[in-house]
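**Student:** Please see the structure below; I have some questions.
Derivation of every value follows stated rules applied to the coordinates shown; laboratory data play no part. Please read these numbers as outputs of a predicted model, since none were measured by experiment. Glycine gets a Cβ as well: all are built from the backbone with ideal geometry, and neighbour counts include every protein chain shown.
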Amino acid sequence: MEPTNKTTLIIDGNWLLMSRLGLIKDSFNKALSNNELIRAKNDMVDFVAQSINKAINFWSNLIDNIIMVQDSGSWRKELPKPKLYTETYKGNRVADDNVAWDYVWRALDEICKNFENNNITCVAEKSIEGDDWCWYWSRYLNRKGVNTIIWTSDSDLKQLVQEDEQTGAWTAWYNDKSGLVVHEKYDRDDMDILMDFDAKNVFMEGICHRVQDVKYINPDDIVMDKVICGDAGDNIKSIIRYQTKTTKGTLRTLSVSLNEWHKVKNELGITNFQQFESKKMEIIRNLRNLPRFNDFCANDNEIAELFDFNIILVRLAKEQIPHDTAMLMNKHRDEYIVTDMGYLHNNYKVLGHQDAAMNDLFNDIPF
C-alpha cells in the first residue's frame with residue numbers, strides 16, 4: 001500500500017520483547033509448570049501490548065501509524081572474515097539456559113499475529129536483522145514524505161537519524177530513558193528556516209516539545225566510532241587490537257580508545273563518512289604511529305581489510321546491504337498498511353492476549 005500518513009512509529013520488536021522479559025524473567029523459568037509458563041507467555045503478550053499502547057498515547061496525535069520489525073538471523077554471520085577477525089559476529093551473546101525460550105518466542109508470535117489481525121504491518125524475513133528493517137522502512141517512508149520515529153534502545157540505530165534531501169521528511173530515534181535523538185542540522189535557532197517545511201514545523205513544535213531530553217548528533221559519528229573502536233555488545237573488534245604482557249606477567253588487550261580515535265579524526269579533518277572512507281589509509285597510519293601500538297605486527301593491508309569488514313557489520317546503507325537481501329526486503333514493501341490509530345487508542349486490549357484481561361501489574365512500568 002502506498003504510504004499516505006505523516007509520521008510512523010517503527011517498533012524494534014525484539015528489543016521491546018527482551019526489555020520486558022528483563023522485568024519478568026523469573027516467570028519464564030524452565031522449572032515452572034506448563035500452565036505457569038503459558039500464563040507467563042500470556043502476561044508477556046499483554047505487557048508488550050500495554051507498552052505499545054502507552055507509546056501511542058505518549059505520542060498522541062504526533063504519530064498516525066505504527067509498524068513493527070523483527071530479527072530473524074543475520075546475513076552478516078555468513079560473510080567471509082578478514083585475517084584479523086577470528087570471532088563470530090554477535091557470537092558473544094549467550095542465551096540464559098534457565099529461560100524457557102520457546103514460550104518467550106511464542107509470545108512474540110502471538111503479538112505479531114495480533115498486529116496482523118488489526119491491519120498493522122509486522123515484518124520478518126530469514127537472515128535479516130531488525131536493524132536492517134529499520135533502515136529499509138525509514139528510508140522508504142522518508143523518500144515517500146513520511147516521517148519516522150525508531151523506538152528502541154539500540155544505539156547503533158541512531159545512525160539512521162536524517163532529513164531526506166528530496167522530501168524534507170525526517171527520521172528520529174527514541175527511547176523513554178534516553179530521550180529523543182535527531183540530526184544535528186536541527187540544532188539551530190533560526191526558526192524562520194525551520195518553518196519552511198510542514199515536516200519541520202511538526203518536528204520542532206511537536207516532537208521535540210513532547211520530550212524533555214533531546215540530543216542533536218552527526219549520525220556518521222555513530223558508524224565511524226564503532227568501525228574504529230569496535231563494539232563489545234556485537235563482538236565487533238577495534239581495527240588495532242592485540243595482547244601484551246604487563247610487568248606482572250599477566251595479559252592485557254590493547255585497542256584504539258575513543259579519545260585516541262577522536263584525536264586522529266580531528267587532526268585529519270574528518271566530519272563525514274565519505275571523508276572517513278577516503279582517508280582510510282591515513283587513519284590507519286596515524287593510529288599505528290601511536291607509541292603504545294609499536295608492537296602491533298599486522299600490516300596496513302590487513303588492518304584495511306578489517307576496516308572494510310567493520311563497515312559492512314556496522315553501517316546501515318544501501319551500499320552495505322547485499323543485493324539479494326535488499327530485493328527480498330523490497331518484496332515486503334506492499335505490506336505497508338496505514339492502520340486506524342483511533343481504533344487502537346480506544347481498544348487497547350486488541351493487541352494483548354485475547355483470552356485474558358490486561359494485567360494491572362504493569363500499569364506503573366514506563367513504556
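**Student:** If a helix is a whole DSSP H run, which ones in the chain reach 15 Å or further along their own axis (Cα) and hold a mean Kyte-Doolittle hydropathy of at least 0.0?
**Tutor:** Qualifying helices: 219-229, 300-314.
**Student:** How do Trp261, Trp105, Trp173, Trp151 rank when sorted from fewest to most other Cβ atoms within 10 Å of their own Cβ?
**Tutor:** Trp105, Trp261, Trp151, Trp173
**Student:** Here is a follow-up. Going by a ≥ b ≥ c, the root eigenvalues of the Cα gyration tensor, does region 34-174 fall in the rounded group (a/c under 1.5), the prolate group (a/b larger than b/c) or the oblate group?
**Tutor:** Oblate, because a/c is 1.5 or more while a/b does not exceed b/c.
**Student:** Additional query: If you take the square roots of the eigenvalues of the alpha-carbon gyration tensor of region 208-258 and sort them as a ≥ b ≥ c, do you get rounded (a/c under 1.5), prolate (a/b over b/c) or oblate?
**Tutor:** It comes out prolate by the Cα gyration axes.
**Student:** Separate question: Just want to confirm a number: the relative contact order over the chain, from Cα pairs under 8 angstrom separated by 6+ residues, in percent.
**Tutor:** Result for the chain is 25 percent.
**Student:** Arrange Asp176, Asp96 by Cβ neighbour counts within 10 Å, fewest through most, would you?
**Tutor:** Asp96, Asp176
**Student:** Which ordering of Cys297, Cys229, Cys112, Cys134 is given by a fewest-first count of other beta-carbon atoms within 10 Å?
**Tutor:** Ranking Cys297, Cys229, Cys112, Cys134 by Cβ neighbours within 10 Å, fewest first, gives Cys297, Cys112, Cys229, Cys134.
**Student:** Here is a further query. Quick one: how many lysine pairs does region 1-67 have with C-alpha atoms less than 23 Å apart and a gap of 8 or more or different chains? Give me the count, please.
**Tutor:** Here the count comes out as 5.
**Student:** For the chain, what does the helix formula give at 222 nm: sum of -39500 (n - 2.57) over DSSP H segments with n ≥ 4, over the residue count, nearest 500 deg cm²/dmol?
**Tutor:** Working: 13 runs with 140 residues, N = 367.
It lands at -11500 deg cm²/dmol.
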